[in-house]
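Following: one structure in structure tokens, then a few remarks.
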Amino acid sequence: MTPTYGYDAVKGRHFLAIGDPGRAAQEITDGHLPARVGPPDVELSMASLPGMLVRAVSSRGLLHKSRSSLRQDAFALGRRAVRGEPERVIALVCDGVGSLDCSDCAAALVSHRLAEFGSYGVSWPEAFASVSKELYKVASEAAEADAGGMATTAVAVTVSRQGTAWLGDAAWVGDSTLWHLGHELEWTLVTGSQRQDGELDYYSSAVQPMPTRDGSCTWCSFRIDSGALFVMTDGVGNALLWSAEVRATLASWWARPPEPFTFAAQVGFAKKTYADDRTVVGIWPDGIDEKCV
Amino acid sequence: MSGERVTERAMVEPGQLVMPFYLVCDVSGSMAHNIAELNDGIRRLWRAVVSEPVVDDVSRIGILTFSDSAKVVLPLSQMSWNDVPALSAEGGTNYGAAFRLLAQTIADDAACLKAQGYKIYRPCVFFLTDGEPSDPDWDRTFRDTLTYDAATGRGMRAHPVFVPFGFRNASEHVLRRLAYPLGKGKWYHSKSHNVEVALRGILDVIMNSVVGSGMSVSTGQPTLFVRGPAPDSGISSGDPDVWV
């Protein structure tokens, strides 16, 4: 099945769909502005570093639109340049816990603070411990003021380009993930192992968010040859994990860096039952990489 | 029904999320004077789900009835695909017949959805009854068909969350025994003598639970929310009895 452009005659707009878009993508309107001032519906960044091209998008999900609530995903980008070493990209992606009203604040705080720590060269375990403590303090103060609860997942990546290889470190809390798209257009999960829930009776979506009790995170170092890297929240990650159609479509779209606004539209693809916020940071080799075709 | 919807139904899309809900309705003879209110309540549930596209996309709802025997009157499906069936009253109150058919239906539906690549959440059963069971071994049948003993491996490992609702002559003791499992299941008992009011309160809880659970799909951590009764509804509720 090939991706299609759906058309909503009532709203007079086109949207990208992968398979069945579902009723929500076709019927939910843009909705009112949220009661609380917060992040824009769609956030877009782009950057070019030695050997690397970066595109980052965060997009508000369908139900947040219909409920006039804020986008709770966030991303942050940074760089670390040390004389005599390859320049590194710092990419942070956070997914605020939807059941807590102020999780957009948690996602924004954690993504920005971790990106700052990363750009100073602080190790990810140390940075996560410090930011978890800071988030706990902010969340406690907000709870005392009856301002609403907050929590977030986070995945942090530091990566540089060495020849045709990606060399870096990743750390995470919760189910936001780092993926590699290889030159054969195959997707591989870099952070942790792909959950094999085929033997379980039912799917369960429980995750452990920040702030964590002990400030810990899971982390790994990686060296991957060629291809491109994608840091993302589960709004895209789950679809990638579970749908061969999504894997094939996104691989064909993202084998090479798309034009930034096209990338934003692609990240917001419609697919039935996938109504969550979406955030993806894509990192591609800049220039000709003979293995990435 | 539009041709587009028929096409949609025929499409199999691996990776889609499904939250299954089963509504199991007592249609014994004692319900004869209130079957219209029950049908109205089910139609309100239908409208509530269909008016929320996100909920309609992710939820699947099946309706079973029971009296002397049990039957599936609406196979598990997306609400907007179907009109709701009109229920009619008949016969006795055989809980066991409902439990056996429900367990088989859940197993068959789960196997069918999994084979098509859907990601299924644990089903939730809303069990409505206005009387006491007429079958003496109802609790053994319930335990054997719809609960699971991890220590012995006996029962239904893929058991649903079971949420019983009782009114009129339903026994709170029985409802407490049916709520399952501990920590997820809840029982509800309406003490209102006005059956119309009781049914409206009960179906409001069901409607809010289905819509609230379906809405949680947008959070990335979809969760079953079994809502509490409205404060002025005259409905008491509680956690399951601990099975010994």
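The values are calculated or read from the model by the stated rules, or taken from the named source; none is laboratory data. Nothing here was measured: the structure is a model prediction, and the numbers come from that model. All Cβ positions, even for glycine, are placed from backbone atoms using ideal geometry, and neighbour counts span all protein chains on display.
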>> Please go through region A:154-175 and give me each residue that is modelled with pLDDT of 95 or more and of a type in the set (Ser, Thr, Tyr), ordered by number.
In response: A:Thr158, A:Ser160
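Residue-wise test of (1) surrounded by 18 or more Cβ atoms within 10 Å (Cβ to Cβ); (2) more than 14 Å from chain B (Cβ to nearest Cβ); (3) touching a residue at least 40 places away in the same chain (Cβ under 8 Å).
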site	(1), (2), (3)
A:Gly84	no, yes, no
A:Val93	yes, no, yes
A:Ala107	yes, no, yes
A:Gly121	no, yes, yes
A:Gly148	no, yes, yes
>> Which numbered condition in (1) more than 14 Å from every other protein chain (Cβ to nearest Cβ); (2) more than 24 Å from B:Ser213 (Cα to Cα) is the only one that A:Trp187 fails?
In response: (1)
> Quick one: A:Leu185 ticks every box in (1) surrounded by fewer than 17 Cβ atoms within 10 Å (Cβ to Cβ); (2) in contact with a strand residue (DSSP E or B) (Cβ under 7 Å, 6 or more places away or on another chain); (3) closer than 18 Å to A:Ala228 by Cβ bar one, so which box is it?
Replying inline: (2)
>> If I filter region A:240-263 for residues that are touching a Lys or Arg at 6+ places or on another chain (Cβ under 8 Å), closer than 15 Å to A:Leu53 by Cβ and assigned to a helix (DSSP H, G or I), do I get at least one hit?
In response: yes
> Inside region B:96-108, can you point out the residues that are over 14 Å from the mean Cα position of the chain (by Cα) and in contact (Cβ under 8 Å) with a residue 12 or more places away in the chain?
Replying inline: B:Gly96, B:Ala97, B:Arg100, B:Ala107
> Looking only at region B:113-162, which residues are touching an Asp or Glu at 6+ places or on another chain (Cβ under 9 Å), assigned to a loop (DSSP other than H, G, I, E, B) and facing another protein chain (nearest Cβ under 10 Å)?
Replying inline: B:Gly117, B:Tyr118, B:Arg122, B:Pro123, B:Met156, B:Arg157, B:Ala158, B:His159
>> Every residue in region B:163-172 that is in contact (Cβ under 8 Å) with a residue 40 or more places away in the chain, outside any helix (DSSP H, G or I) and surrounded by fewer than 22 Cβ atoms within 10 Å (Cβ to Cβ), please.
In response: B:Arg168, B:Asn169
> Of all residues in region B:45-96, how many are closer than 22 Å to A:Pro21 by Cβ, small (Gly, Ala, Ser) and away from chain A (no Cβ under 11 Å)?
Replying inline: 1
> Are any residues in region B:188-218 touching a residue at least 12 places away in the same chain (Cβ under 8 Å) and within 14 Å of B:Met19 (Cβ to Cβ), and if so, which ones?
Replying inline: B:Ile206, B:Ser209, B:Val210, B:Val211, B:Gly212, B:Ser213, B:Gly214, B:Met215, B:Val217, B:Ser218
> Within region B:49-71, which residues are buried (at least 18 other Cβ atoms within 10 Å of the Cβ), over 19 Å from B:Tyr118 (Cβ atoms) and either among the hydroxyl-bearing types (Ser, Thr, Tyr) or at pLDDT 95 or above (or both)?
Replying inline: B:Ile63, B:Leu64, B:Thr65, B:Phe66, B:Ser67, B:Ala70
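Okay, residues lined up against (1) modelled with pLDDT of 90 or more; (2) within 14 Å of chain A (Cβ to nearest Cβ):
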position	(1), (2)
B:Pro181	yes, yes
B:Ser192	no, no
B:Ile206	yes, no
B:Ser209	yes, no
B:Met215	no, yes
B:Val226	no, no
B:Ala230	no, no
> Is it true that some residue in region B:216-228 is within 20 Å of B:Ser28 (Cβ to Cβ) and not charged (D, E, K, R)?
Replying inline: no
>> Please pick out the residue among A:Leu178, A:Leu135 that is touching a helix residue (DSSP H, G or I) at 6+ places or on another chain (Cβ under 7 Å), among the aliphatic types (A, V, I, L, M) and either surrounded by 24 or more Cβ atoms within 10 Å (Cβ to Cβ) or part of a strand (DSSP E or B) (or both).
In response: A:Leu135
>> Can you find, within region A:30-65, the residue that is nearest to the other protein chains (Cβ to nearest Cβ) among those that are outside any helix (DSSP H, G or I) and under 21 Å from B:Ser213 (Cα atoms)?
In response: A:Gly61
>> I'm checking my understanding of the structure. Among residues of region A:9-46 that are surrounded by 14 or more Cβ atoms within 10 Å (Cβ to Cβ) and among the small types (Gly, Ala, Ser), which one is nearest to A:Ile283 (Cα to Cα)?
In response: A:Ser45
